[in-house]
Amino acid sequence: MTGLARLRRVGPAAAGAPGAPPSPVREITLDAAGIPLSGLLAEPPDGAPPRAVVVAVHGGGMRAGYFDSRALPGLSLLRLGAALGYTVLAVDRPGYGQSAAALPEGQTLFEQSATLHCALAGFARDHRLGAGYFVVAHSNGGKLALAAAADPAGDSLIGLDISGLGHLFAVGLRRMPGVHSPGEWRRHWGALRLYPPGAFQLGRALVAPVPEREAREGALWPEMYPAIAARVRTPVRFTFAAQEQWWRHDPEATQDLTRRLRAAPRVTVARQPDAGHNISLGWAARTYHLRALAFLEECLLARDAAAPAPRVRARTADPAVIEPACQSVVR
């Protein structure tokens, strides 16, 4: 196969009950310069063109299915987004899923950013993008979203909606997830009442080891964030769960968090009631996902309202520009 970052469909994400309608979610593999990134894809029904492509990026120790909760109807971002007219692409970050064999130690944050941009360039060649790419990210995936936006190729992103990530730890480093420890269970989930029946049982299939390079870099985030944030030039929305316990989200911390994003045209901070760190697996998932998609619509509105004359919305970066950079993706 010629070209880089080609998408290969590998079949349905999961078999449904006999007689049930086919699932709108299917498994995919993105080829990023020879690195296979597995994931899940949901597209608008009946072949309708998407308003935009929502790229969903999971956190540490999880996989793309984090955004496709099956505990109850309505909780899946992939299914909700497709029903509302978006294409939703949830990717397994480098070092997870199919790329784990090629990247047994994972990648650094900036290497992940290069790999993701490479994969998205290939996706753009074969799929309609609508207004372009908008990123919904959780926890460690939020670090990747910010790094991808700080990259020169990130200027064309519509915006970022990040949950479960701050820049100042709420606990000591010894209690944070690391190479040999997943961290404290209660801090990941919060009160059990915040999650529907079956959420934890289904969640076991989503758990994956945190790659060593990612885990070792985790403690450096407070030092890395200011330089990354200063280069982000796209709107950003942070959401903190009411029971977020890994990151500080008091007024002083959030003021400093947003102040660092001095080049971003818009930065907001929201709080999600009745939720723990893993918002997209809890009762609050639908509420949060609707608010994330509403932020996408607000970003599109601001883009249109700022236009001096009718024009085509900015598309994602030209694959021809990104493709040479794919040659240097570090494995």
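Read the figures in this text as sums done on the coordinates, not as results from a lab. Only a predicted model underlies this, so the values are computations on that prediction, with no experimental measurement involved. Cβ atoms come from the backbone with ideal geometry, glycine included; neighbour counts cover every protein chain shown.
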Query raised in the report: Can you give the net charge of the other residues whose Cβ lies under 14 Å from the Cβ of Arg233, counting K and R as +1 and D and E as -1?
Result: +3
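So if I place +1 on the C-beta of Lys and Arg and -1 on the C-beta of Asp and Glu, and nothing else carries charge, what would the dipole magnitude of the stretch 270-309 be about its Cα centre? I want it in debye, nearest 20. Could you put the intermediate results ahead of the total?
On the way: 4 positive and 4 negative charges, 22 e Å.
Dipole magnitude for the stretch 270-309 comes out near 100 debye.
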Query raised in the report: How many nm separate the modelled label positions at Ala270 and Ala101, each set 7 Å beyond the Cα in the direction of the Cβ?
Result: 4.0
Requested in this report: Using amide H atoms built 1.01 Å from N in the peptide plane, name the residues 5+ places from Ser38, or on other chains, whose amide H lies under 5 Å from its own.
Outcome: Leu30, Asp92, Gln98, Ser99
Report summary line: The simple spin-label model distance between Arg259 and Val171, using points 7 Å out along Cα→Cβ, in nm, is 2.8
Requested in this report: Can you pull the one-decimal nm distance between simple spin-label points at Asp250 and Glu298, each 7 Å off the Cα toward Cβ?
Outcome: 2.6
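Once the piece of chain linking Glu212 and Leu72 is laid out straight, how much longer is it, given 0.36 nm per residue of separation minus the C-alpha distance between them? Working shown, then result.
On the way: separation 140, 0.36 × 140 = 50.40 nm, distance 3.34 nm.
Result for the pair: 47.1 nm of gain on full extension.
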